[in-house]
Amino acid sequence: MPNLHALIFDMDGVLIDNTPVQARAFQLLFRDQSVQVDATQLLRRLNGAPASEILKEAFAERPQTAKQLEALASQREFLYRTLYWDDRRALPGLVDFLEAARAAGLKIGLGTGSGQETISYILDDLNLRRFFDVVITKDDVDKGKPHADTYSVTAQKLGVKPEHCVVFEDALLGEQAAYRAHMHCVAVASTLPGRDFQAPLLVIRDFTELTPEKLRETFATARPVPTPAKQRA
């Protein structure tokens, strides 16, 4: 098996436990727009995709133009930031884990469906940007998750082959994106129970449960990367 050289993180639900707040922001938007959609159930399926793609499905019975979807996404983003303003904090154990990964010589990348402003709202407020060698956003790829682009581009920018990478994901679409990029995935069960994922390398609740040494040991004995399950995406 190849050695582990790089870690690639999703942001929402992985660096921070913010999915319930995201769902609340969507639900407030849906109420304002008189759309009868359960945001929590919608995010169980589509979490990890760009907000405009989630909104496109939510408004399927009232199709919106690309410009309208972007305007709705901006409104949702404002609601999310307002709701989450005083509650921003890293997932337990994250900073210690990132520091240990750095000390172990691992490269670290971020691959997210969020835009730069949203990333700054989290990374800079929590002083996390210093840990990441590469940050890839929705604006850096042609296709968001579950397509492979987000993680393939992150690995390329890190200068590491896919077989030497592990992705950290809390979302089913993100797990599928990792497999399509030919990478193993650690499931962070902050949003969904571990049983909902296809075939993660490990399942953790937060980063107090993991060290780079344990991850390297598990990676060294892992089976080949699972074949993506199309029905899950």
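The values are calculated or read from the model by the stated rules, or taken from the named source; none is laboratory data. From a predicted model like this one, the values you see are computed outputs, not experimental measurements. Positions of Cβ are backbone-derived with ideal geometry, glycine not excepted, and every protein chain shown enters the neighbour counts.
Has region 72-89 got any residue that is modelled with pLDDT of 95 or more, surrounded by 14 or more Cβ atoms within 10 Å (Cβ to Cβ) and part of a strand (DSSP E or B)?
The answer is no; no qualifying residue exists.
Residues in region 26-44: is at least one within 17 Å of residue 175 (Cα to Cα) and either part of a loop (DSSP other than H, G, I, E, B) or over 22 Å from the mean Cα position of the chain (by Cα) (or both)?
Checked region 26-44: no residue is within 17 Å of residue 175 (Cα to Cα) and either part of a loop (DSSP other than H, G, I, E, B) or over 22 Å from the mean Cα position of the chain (by Cα) (or both).
When you go through 60, 104, 66, 100 one by one, which is the residue that is surrounded by fewer than 15 Cβ atoms within 10 Å (Cβ to Cβ) and in the same structural domain as residue 159 (by TED's automatic domain parsing)? Break it down stepwise before answering.
Details: 60 fails: in the same structural domain as residue 159 (by TED's automatic domain parsing); 66 fails: in the same structural domain as residue 159 (by TED's automatic domain parsing); 100 fails: surrounded by fewer than 15 Cβ atoms within 10 Å (Cβ to Cβ).
Just one listed residue meets the conditions, 104.
In region 139-194, what count of residues is obtained for those that are of a type in the set (Gly, Ala, Ser) and more than 24 Å from residue 17 (Cβ to Cβ)? It would help to see each step written out before you state the result.
Looking only at region 139-194, we keep the residues that are of a type in the set (Gly, Ala, Ser), and these are 144, 148, 152, 155, 159, 171, 174, 177-178, 181, 187, 189-190, 194.
Then drop every residue that is not more than 24 Å from residue 17 (Cβ to Cβ), which leaves 148, 152, 155, 159, 181.
Going through region 139-194 one residue at a time, the tally reaches 5.
Are there helices (runs of 4 or more DSSP H) fully within region 91-193 with at least 1 residues that are β-branched (Val, Ile, Thr)? List them.
Filter on region 91-193 gives 94-103, 116-123, 149-158.
Out of the residues in region 1-33 that are among the aromatic types (Phe, Trp, Tyr) and touching a helix residue (DSSP H, G or I) at 6+ places or on another chain (Cβ under 8 Å), state the one that is nearest to residue 86 (Cα to Cα).
26
Identify the residue in region 218-233 that is surrounded by 12 or more Cβ atoms within 10 Å (Cβ to Cβ), in a helix (DSSP H, G or I) and of a type outside the set (Val, Ile, Thr) and, among all such residues, is modelled with the lowest pLDDT.
232
Examine region 162-177 for a residue that is of a type in the set (Asp, Glu) and farther than 26 Å from residue 40 by Cα, and state whether such a residue exists.
Looking for residues that are of a type in the set (Asp, Glu) and farther than 26 Å from residue 40 by Cα, one finds at least one in region 162-177, hence yes.
Mind listing whichever residues of region 124-136 are surrounded by 13 or more Cβ atoms within 10 Å (Cβ to Cβ) and either outside the structural domain of residue 99 (by TED's automatic domain parsing) or without any contact (Cβ under 8 Å) to a residue 24 or more places away in the chain (or both)?
If the condition is that a residue be surrounded by 13 or more Cβ atoms within 10 Å (Cβ to Cβ) and either outside the structural domain of residue 99 (by TED's automatic domain parsing) or without any contact (Cβ under 8 Å) to a residue 24 or more places away in the chain (or both), then 129 is the only one that fits.
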